[in-house]
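All remarks here apply to the structure that follows.
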């Protein structure tokens, strides 16, 4: 079989799986199944990136999103008790608005694809293929040489966003219970548990006879 034909068949197969799993994310009623469908969507999209010789993007999509973010989402969804009936209360009410927004986005994406296809000959050749290295090697050289400053600025922005997210979640809330590790370490066991010594007293024979007589009465 011709390699280009095989690549085209794989492209259509991965595209079909990507679209089907993406639709399953918004149509499945079970939240856990929807998250698993999203994992399959990301993995199929990574296969498409691999077919386009974008190895770095494919591996980043699998390692970062499938291997870390989506697994975290899955654990959070499985641990939370989500009321599905409450979530679907306004689904039918806002369905027309959602359909209109989806149609507008689809038209915009198709128009963008058409414009890019018209100017496809202006994109030039693949720089990684010209230099004779892989896509990952070329991207690493470009990031750490020509685009080092934008790369460092992006890393700084992400770090600031992470610190801001942590700072926002650490605000004090009324009625919330917090645990203090230092107070737990300073706890004295004698203040928490009190041992009381009591002498074992055997009941006398007279009280035992009275109890037996009381039980025998009708």
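Nothing in this text is a laboratory measurement; each read-out follows from the coordinates by a stated rule. This is a predicted model, so every value here is computed, not measured. All Cβ positions, even for glycine, are placed from backbone atoms using ideal geometry, and neighbour counts span all protein chains on display.
Values for this structure:
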quantity: Ordering of 33-46, 143-156, 67-80, 185-198 by burial proxy (mean other Cβ atoms within 10 Å per residue, highest first); calculated: 33-46, 67-80, 143-156, 185-198
quantity: Rg ratio (alpha-carbon, reference 2.2 N^0.38 Å) - the stretch 17-58; calculated: 1.26
quantity: The stretch 8-82, relative contact order [Cα under 8 Å, separation at least 6], %; calculated: 29 percent
quantity: Potential lengthening between residue 9 and residue 144 on full extension [0.36 nm per residue; Cα-Cα distance subtracted]; calculated: 45.0 nm
quantity: Cα gyration tensor category, rounded, prolate or oblate, for the stretch 8-82 with a/c compared to 1.5; calculated: oblate
quantity: Inter-part distance where the stretch 51-74 and the stretch 140-189 are each reduced to a Cα centre, Å; calculated: 23 Å
